[in-house]
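Read-outs throughout are calculated quantities, based only on the coordinates presented, and are distinct from any laboratory measurement. Keep in mind that this is a model prediction, so the values were computed, not measured. In this analysis, Cβ positions are derived from the backbone assuming ideal geometry, glycine residues included, and neighbour counts consider all displayed protein chains.
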Amino acid sequence: MKSGENHYPTAQSALLIIIMTLLLVTGIGILWELREAKWELLLLELLMAMPVLIFILVRKYSFSDLLKWKKVRVNVLLASSLIGLGFIPLSDEVDTLIQSAFPMPYEVTSALEKFLMINTTEEWIIILLAGVLIASISEELLFRGFLLTSLEQTMRPTVAIVISACLFAVVHFNPWWMMTIWMTGLLLGFLALRSGSIFPAMVVHGLNNGVSILLANVNSARLEASYYLNGHVSPLWIAASLISLGFGLYLFCRFTKNGG
């Protein structure tokens, strides 16, 4: 159904909710000045989906239809895992190339490393809950569920995916990561539209965040010896990632040929 029939929000309404969510999360983060606290991420990720959920309840939209909250088969999720694992080294290499051309300022790099560095069991629990589980749910509900579904009612699917990916990149407030986040958004949008569900995108999102957190806490010398070669992702890892990504996409498209 089209938004004009009131089964879905208009694109303008969806963008307004995204802006309100962004202002809410940013405002609370600044107001409470929790930049040094690991649990700030947990709080903000929980708040991310709240405006959308309230909007749906008030306007009485279909939760499952608007947010693509629909079950898929296990084989689709397994194929999504292969896609996610294959995509990570490739996006890391793209990020490496971007950093070599446009280096991230030391202050920004230092702040990110400090925030992602985990020292206690409590911090592991908080970061994994917030950055892997909750982030993959709340951000997918917002961008591949609510926003993408609203946009696709009045525009071509490709355009809807590109716009949602652009907004997904912008709201992360890191221009040096914008390209890789945008690429991730494109992939997640494709998975959501192809399967009709946000669960495959959640799997890929969670894997991407989880591996990134683990890599940030691996000894740099060990990481250089096993994952990188001369400052770039090892060709062996690149080859393995291409195989995993390609095979995963083949299986995903095959399994979702007639829906997820």
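A simple charge model with +1 on the Cβ of Lys and Arg, -1 on the Cβ of Asp and Glu and nothing else charged puts the dipole of the range 74-233 at about 400 debye relative to its Cα centre.
Between Ser212, Ser80, Val132, the Cα set farthest toward the positive side of the dipole of the range 3-255 (charges on each charged residue's Cβ, about the Cα centre) is that of Ser80. Within a straight-line Cα-Cα reach of under 15 Å, Lys70 can be paired with the following aspartates and glutamates, leaving aside sequence neighbours fewer than 8 residues apart in one chain: Glu140. Peptide packing: for 175-185, 103-113, 139-149, the average count of neighbouring Cβ atoms within 10 Å per residue gives the ranking 139-149, 175-185, 103-113, highest mean first.
Calculate how steeply helix 178-195 sits against the longest principal axis of the alpha-carbon atoms of the chain, using the helix alpha-carbon long axis, and give the answer as 0 to 90 degrees to the nearest 10. So the inclination is approximately 50 degrees. The spread of Cα positions in the range 113-193, taken along each principal axis and listed from longest to shortest, comes to 48, 24, 16 Å. Rounded to the nearest 20, the Cβ-based charge dipole of the range 66-142 about its Cα centre (Lys and Arg +1, Asp and Glu -1) stands at 600 debye. Computed from label points 7 Å out along Cα-Cβ, the spacing between Leu53 and Ala225 is 4.6 nm. Hydrodynamic analysis of the range 3-255 uses the Kirkwood radius over alpha carbon pairs. Inserted into Stokes-Einstein at 25 °C and 0.890 mPa s, it gives a translational diffusion coefficient of 129 µm²/s.
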